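> Submitted below is the structure of interest, expressed as structure tokens.
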Amino acid sequence: MFYFVQRFFGKIIRLFGGNFSGTPEELEQVLGREENACYARLIEQTFQFEQVPDSGDYWVADYHMHIHGTGRNAGVDLFCPAIPLCPPGVLLTGKRFNWLRHPFLYLQTKVFLSASGIENVCFGDAEYLQRLYRQIEHFPVHNDTHGNPVRFRFFVFAMAPFRDRDTGDVNFDKTDICVDSDYVISVADCFNRKLEMAGIPHRVVPVISVHPYRKDAEKELVRLGNRVAAQGHDEILVKWLPPSMGIDPETVRSSYYETMAEQGMVLVSHTGKEHSAISDKECQEFGNPLKLCKALEARSAGGKQLKVIMAHSGRKGVNFDDAGKRVSSYELFRKMMATGDYRGRLFGDMSAIPYMATEHILRDIAIGNLGLEGRMLNGSDYPVPAGHIIKPTRHLYKMKLISRQQKKALDLVYRYNPLLFDFVMKRMLHFAGQQVPLPDSAFLSMTSFGRE
Ligand SMILES: [Zn+2]
């Protein structure tokens with residue numbers, strides 16, 4: 001009896017989480033079938049980049065992806081022998097596994113693990129890496145309109161733990177998830193070696209996360225930045241999730257921002273309300289886009305300034321404006337983007353925007369009447385696109401942003417490779433009566449042609 005209840009519960013969770021039909025490698029075979037030829041063509045068309053250099057010297061980028069797991073790392077060394085098992089790279093709060101005291105959080109975690117392709121909690125970290133790697137390895141290599149292969153850069157995040165502002169010490173009670181920067185650097189290195197051996201041109205770029213309240217934060221930035229650069233990467237990003245990490249960007253000491261500017265680093269900071277990670281209510285205001293002014297105004301001794309990516313572009317939630325009024329975080333994001341001095345240094349990412357009915361923000365980017373063009377970056381927020389419950393294809397079809405055939409193609413891709421699904425979906429979207437797609441520039445890396 002217990003067995004059947006467990007199976008039934010598992011099925012329900014899969015309906016909300018990872019409602020997959022097969023592995024990423026099977027998609028190619030499925031698309032090769034005659035009855036699916038029109039879907040294969042529609043997918044291939046989304047790789048047709050036009051506004052790119054003839055030479056093919058550019059990267060398409062996904063600037064927002066998570067490395068996750070369960071904090072149980074059995075088997076990680078079998079997948080990537082060079083990754084040290086001790087200390088473990090991922091730490092997930094025990095609250096998420098306590099169904100008696102935190103039933104809602106428990107269910108949310110189950111759905112999230114299912115979407116991430118994790119079936120056995122004890123092998124959670126290894127299963128997460130394997131599933132993610134397979135999606136990257138089997139991300140198709142199609143040609144652009146100039147006949148050059150479209151190469152991708154996938155940026156994967158570390159996540160610093162919560163720290164108390166006064167002492168600078170780690171507070172594990174308030175930490176939801178922590179993903180070690182050195183671990184992420186080793187994971188990226190392992191993935192890149194495998195991709196190279198398999199002859200796949202895509203690359204994975206590690207994004208470090210250094211909490212600014214750490215006493216030795218500046219030293220740590222330099223140490224980790226050097227490790228990333230030593231792997232040959234020319235984009236060094238630092239990830240913050242202020243509401244969940246307890247970072248008030250206005251109170252961060254200037255030397256932290258100056259060190260980042262000196263090192264040519266880019267800050268990726270969450271803006272708007274935080275939904276997925278556990279965050280104190282009083283910390284939600286730390287996602288206010290206006291709080292990033294201090295970072296944007298900091299200068300190194302040599303006069304260098306920082307680049308900042310506002311993750312999610314303030315998609316959801318409300319924050320205080322300068323006059324103390326509560327306004328939408330997206331409005332504050334737009335206000336910051338309109339500040340002339342921040343042009344060329346302030347960017348927004350599109351992660352999670354097509355989900356949960358906030359696609360009007362993408363229309364603003366496509367129509368290009370807000371000065372956002374050339375300043376928006378692609379991001380999937382993987383594993384978010386893998387959650388079946390938030391798959392937006394039906395909604396997008398109803399809003400007439402995709403055709404019926406495109407919807408069918410997308411639903412098929414989701415069942416095998418949700419990372420590819422997110423990219424293809426954004427490339428298929430057309431606004432203003434099916435006339436205007438998102439610009440090619442919104443998918444290119446910051447180092448590629450066409451950016452200020
Ligand atoms: Zn995210």
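Values in this text are rule-based calculations from the coordinates and carry no lab data. Note that the structure is predicted; figures quoted are calculated from it, not measured. Every residue, glycine among them, receives a Cβ derived from its backbone with ideal geometry; neighbour counts consider all protein chains shown.
> Plugging the Kirkwood radius over Cα pairs into Stokes-Einstein for the range 302-452, at a temperature of 4 °C and a viscosity of 1.567 mPa s, what D comes out in µm²/s?
Working: Rh = 16.3 Å.
Approximately 80 µm²/s, per Stokes-Einstein.
> Can you compute log10 of I(q)/I(0) for the chain with the Debye formula, treating each Cα as one identical point scatterer, at q = 0.07, 0.10, 0.11, 0.12 Å⁻¹?
The Cα Debye sum returns log10 ratios of -0.33, -0.70, -0.86, -1.05.
> Now for a different question. With a Förster radius of 30 Å, plug the Cβ-Cβ distance of residue 99 and residue 447 into 1/(1 + (r/R0)^6) and report the FRET value to the nearest 0.05.
Once rounded, the FRET efficiency stands at 0.05.
> Please compute the net charge surrounding residue 6, taking Lys and Arg as +1 and Asp and Glu as -1 over other residues with Cβ under 14 Å from its Cβ. Walk me through the numbers on the way to the answer.
Details: positive: 7, 11, 14, 110; negative: 119.
My count for the surroundings of residue 6 gives +3.
> Take the alpha-carbon centre of the range 420-437, take the same for the range 184-206, and report the distance between them in whole Å.
28 Å
> Normalised by the residues of the range 220-284, what does the relative contact order come to in percent, with Cα pairs under 8 Å and at least six apart? Before the final figure, lay out each step's value.
Working: 55 pairs, mean separation 27.6, N = 65.
For the range 220-284, the relative contact order is 42 percent.
> Can I ask one more? Can you tell me how much longer the chain between residue 230 and residue 82 gets when fully stretched, taken as 0.36 nm per residue apart minus their C-alpha distance, in nm with one decimal?
Details: separation 148, 0.36 × 148 = 53.28 nm, distance 1.62 nm.
Once the chain is fully extended between residue 230 and residue 82, it gains 51.7 nm.
> Still on this model: Near residue 307, which lysines are there with a Cα under 18 Å away, not counting those fewer than 8 places off in the same chain?
239, 291, 294, 335
> Provide, in order from the shortest bin, the percent of all Cα-Cα pairs of the range 294-376 in each 10 Å bin, continuing until the bin that contains the maximum pair distance.
Spelled out bin by bin, the range 294-376 gives 16, 47, 30, 6, 1 percent.
> Related question: Once both labels are modelled 7 Å past Cα along the beta-carbon direction, what's the residue 6-residue 74 spacing in nm?
1.4 nm
> With bins 5 Å wide starting at 0, give me the P(r) of the range 3-110 over every alpha carbon pair, in whole percents.
2, 8, 9, 11, 14, 15, 14, 12, 9, 4, 1, 0
> Report the label-to-label distance for residue 335 and residue 390 in nanometres (one decimal), using points 7 Å from each Cα along the Cα→Cβ vector.
Here the modelled spin labels are 2.6 nm apart.
> So if I average 1/r over every pair of distinct C-alpha atoms in the range 105-156 and take the inverse, what Kirkwood radius in Å does that give?
Values: mean 1/r = 0.0759 Å⁻¹.
Taking the inverse mean of 1/r over all distinct Cα pairs, the range 105-156 comes out at 13.2 Å.
> Label points 7 Å out from Cα along the Cβ direction at residue 299 and residue 37: separation in nm?
Here the modelled spin labels are 6.3 nm apart.
> Using the Cβ atoms and a cut-off under 11 Å, what net charge is assigned to the surroundings of residue 241, where Lys and Arg are +1 and Asp and Glu are -1? Can you show the working numbers first?
Numbers: positive: 239; negative: 176, 274.
Local charge sum for residue 241: -1.
> Moving to a separate point now. Using alpha carbon centroids, what distance separates the range 348-419 and the range 1-27, in Å?
24 Å
> Same structure, new question: Restricting to DSSP H runs of at least four residues, report the calculated mean residue ellipticity at 222 nm for the chain, -39500 (n - 2.57) per run over all residues, nearest 500 deg cm²/dmol.
Working: 16 runs with 158 residues, N = 452.
Using -39500 (n - 2.57) per qualifying helix, the result is -10000 deg cm²/dmol.
> In percent, what relative contact order does the chain have, based on Cα pairs under 8 Å that are 6 or more apart in sequence? Can you show the working numbers first?
Values: 892 pairs, mean separation 81.4, N = 452.
With pairs under 8 Å counted, the relative contact order is 18 percent.
> Would you tally the net charge around residue 46, using a Cβ to Cβ cut-off of less than 13 Å, leaving residue 46 out, and scoring K and R as +1, D and E as -1? Kindly include the intermediate steps, with their values, before the conclusion.
On the way: positive: 41, 426, 427; negative: 44, 50, 144, 422, 440.
Within the 13 Å Cβ shell, the charges total -2.
> Mean separation of Cα pairs under 8 Å and 6+ residues apart, divided by the residue count of the range 355-416: what relative contact order is that in percent?
Values: 23 pairs, mean separation 18.4, N = 62.
Taking the mean separation of contacting Cα pairs over the length of the range 355-416, I get 30 percent.
> For the range 48-165, state the average projected area of the convex hull of the C-alpha atoms over all orientations, rounded to one decimal in nm².
Working: hull surface 43.5 nm².
It is 10.9 nm².
> Which one of 86, 263, 12 has its Cα pushed farthest toward the positive end of the charge dipole of the chain, where Lys and Arg give +1 and Asp and Glu give -1 at the Cβ?
12
> A follow-up question, please. Which of the lysines could a cross-linker bridge to residue 398, judged by Cα under 17 Å and excluding same-chain residues fewer than eight apart?
407, 408, 426
> Still on this model: Run down the aspartates and glutamates and flag those whose C-alpha is under 16 Å from the C-alpha of residue 316, throwing out any fewer than 8 positions away in its chain.
Output for residue 316: 274, 285, 331, 349, 359, 364, 381.
> Can you list the DSSP H helices in the chain whose Cα atoms extend at least 27 Å along the helix axis and whose mean Kyte-Doolittle hydropathy is -0.5 or higher?
Details: long enough: none.
None pass (Cα extent of 27 Å or more, hydropathy at least -0.5).
> Assign unit charges at the C-beta atoms only (+1 for Lys and Arg, -1 for Asp and Glu), then state the dipole size of the range 332-393 relative to its Cα centre in Debye, rounded to the nearest 20. Present the calculation step by step, with values, prior to reporting the outcome.
On the way: 7 positive and 6 negative charges, 25 e Å.
Taking the Cα centre of the range 332-393 as origin, the dipole is about 120 debye.
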